[in-house]
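To start, the structure under review is shown below, and the notes come after it.
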Amino acid sequence: MLWVYRLGVERAKQYLLTGSEIDAETALRIGLVSEIHPAADLAERVEEHARKFRHIPANQLALNKLLINQAYDNMGLRTTQLLGTFFDGVARHTEATSRWAESFAERGFRQVIRDRDRPWGDYGERT
């Protein structure tokens, strides 16, 4: 549910409810990631980024991280995560979910998932 905080309600719903693929450029544009790099350059860029922190006292980094996390907690992040876990457990034990799981035996797991994801242009359907 961090996506609600990172992307806003509209985009979080758009991607979480549909399972639509998010390519790197889109992830950068909507704020899901802060940078993108070619795979061949990634390790070098990570090391370069990490080296920038070496001159900042560790206690300042830790305290600022705690402060940022506290701001998210004050916005309800922990409650949201707790409810997400609770709702996931509840949803697994409903009649609708039981019928959906039974369809795996009738039509096969892969076919049921394909039928669910096909309307959204799931990348698993591409040749």
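No value in this document is a laboratory result; all are computed from the given coordinates. Model, not experiment: these values are computed from the prediction. In this analysis, Cβ positions are derived from the backbone assuming ideal geometry, glycine residues included, and neighbour counts consider all displayed protein chains.
Just a few scattered comments:
- Candidates are the residues of the stretch 74-127 that are among the acidic types (D, E) and part of a helix (DSSP H, G or I); the one that is nearest to W3 (Cα to Cα) is D88.
- Which listed residue, of E10, E21, E25, E48, is over 29 Å from R116 (Cβ atoms) and either of a type in the set (D, E) or surrounded by 11 or more Cβ atoms within 10 Å (Cβ to Cβ) (or both): E48
- The C-beta contact set for the stretch 86-113 (first residue surrounded by 11 or more Cβ atoms within 10 Å (Cβ to Cβ), second residue small (G, A, S), distance under 7 angstrom, 6+ apart or interchain) comprises T97/A91; V112/S103.
- Residue match in the stretch 31-45 (condition: of a type outside the set (D, E), within 19 Å of L17 (Cα to Cα), out of contact with any Ser or Thr (no Cβ under 7 Å at 6 or more places or on another chain) and surrounded by 11 or more Cβ atoms within 10 Å (Cβ to Cβ)): yes
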